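The values are calculated or read from the model by the stated rules, or taken from the named source; none is laboratory data. These numbers were taken from a predicted model, which means no experiment stands behind them. Positions of Cβ are generated from backbone atoms using ideal geometry, with glycine treated the same way; all protein chains shown enter the neighbour counts. SASA here: full protein model, heavy atoms, side chains in, ligands and nucleic acids out. Shrake-Rupley method; radii C 1.70, N 1.55, O 1.52, S 1.80 Å.
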Amino acid sequence: MTGIPVSALHGGAGTIRRDLMTPEKEAAYHAGLRAALEAGRKILLSGGTALDAVTATVIALEEDPQFNAGHGAVYTTDRTHEMDAAIMSGIDRACGAVAGICGPRNPILAARAVMETTDHVMLSGEGAKRFCRAAGLEHVDPAWFGTAERLAALDAEMARRASGTGDDGDEARKHGTVGAVACDVHGHIAAATSTGGMTAKMPGRVGDSPVFGAGTWADDRTCAISATGHGEFFIRMAVAHEIDARMRLAGQSLAEAAEAVVTEVGEIGGSGGLVAVDARGNVALPFNCRGMYRAWMDRSGEIHTAIFR
């Protein structure tokens, strides 16, 4: 089977409000999105695998403090970082995930190590941390993950809660994730997702990113999905698997299924979006909020980036 190499990524739904986005900041976001997509694009265009491409793309996003994963992850109410990540291959649904970790420089590599070196699908907490050390993954001081901007966002949110001020509807505070999907020249697809979670989340909270069938999914027969948004709603809707099911059982196209499910998430109060590809080289990037940091490579190999609608 041969495929058309395509890829897509997101740097989180719920963007900075357009009126607060300076030209300099917007240019920096576009540059970060392009650089991350290029990391995976090089692999795909040289005949590499979709799994390697999504890994490289997510690593680049984890290294970029503009995005809520790895360096730049948001804080819990305890002023700590708890990160989740997942990766899945469409060939045989092989997958691995970690939840609630802090230490490994690139959580997506921890998820891939779970997939490739254990009999398990997900590791969390202290057990996951011990596994990451034993696996020889690069570790950094917890301070490396934080930024002054993320700490200020935590303080602002805690102050808002203490004052009793109602929810201001700030999508950027409520969710932020990075993820990538790809189809390679062999006709195989893969997905990877990594996140710091929600600003001022409760310690121990796990969102949809490491939950297969909710925030991450890949099956060569249907689609690869990486979601971003208010994770509790994406779990309740089993968003990624719902799209898979509509394609596999109802014969819907990738675009039709993805758009419909993201719309339905919004109807029950969930804000967010996703990036998706199928093994025929189709790409979908639906979202139901004001924007989603996103980039994609089309069938011609050209890179596109966008933030707002």
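Just a few scattered comments:
- Rounded to the nearest 20 debye, the dipole magnitude of the chain is 100 debye, with +1 charges on Lys and Arg beta carbons, -1 on Asp and Glu beta carbons, and the Cα centre as origin.
- Those residues of region 247-282 whose amide nitrogen sits under 16 Å from the label point placed on Arg160, 7 Å along Cα→Cβ: 271-272
- Near Asp78, once Lys and Arg are set to +1 and Asp and Glu to -1 for all other residues with Cβ below 13 Å from its Cβ, the sum equals +2.
- Per residue, the accessible area of region 156-309 comes to 34 Å², computed with a 1.4 Å probe over protein heavy atoms only.
- Euclidean distance of C-alpha centroids, region 1-59 and region 103-146, integer Å: 23
- Inter-label distance, nm, simple model (7 Å from Cα along the C-beta direction), Thr80/Glu267: 4.0
- Taking amide H as placed 1.01 Å from N in the peptide plane, Lys201 has its amide H under 5 Å from the amide H of Thr77, each at least 5 places away in sequence or on another chain.
- Rounded to 0.05, the FRET efficiency of the Ala152 and Glu24 pair, given R0 = 22 Å and the Cβ-Cβ distance, is 0.75.
- Protection proxy ranking for 71-78, 215-222, 189-196, 140-147, using the average of other Cβ atoms within 10 Å per residue and placing the highest first: 189-196, 215-222, 71-78, 140-147.
- Anchor Lys129: aspartates and glutamates whose Cα lies under 17 Å away (excluding residues fewer than 8 positions away in-chain): Glu82, Asp84, Glu116, Asp119, Glu138, Asp141
- Using the 1.4 Å probe convention, the accessible area of region 1-102 works out to 36 Å² per residue with neighbouring protein chains retained.
- Accessible surface of the chain [probe 1.4 Å, protein heavy atoms]: carbon and sulfur percent: 54
- Compactness relative to 2.2 N^0.38 Å, alpha carbon Rg of the chain: 0.91
- Full-extension gain in nm, Glu38 to Ala134, via 0.36 nm per residue minus C-alpha separation: 31.4 nm
- Formal net charge of residues neighbouring Glu126 (Cβ-Cβ distance under 14 Å; K, R +1; D, E -1): +2
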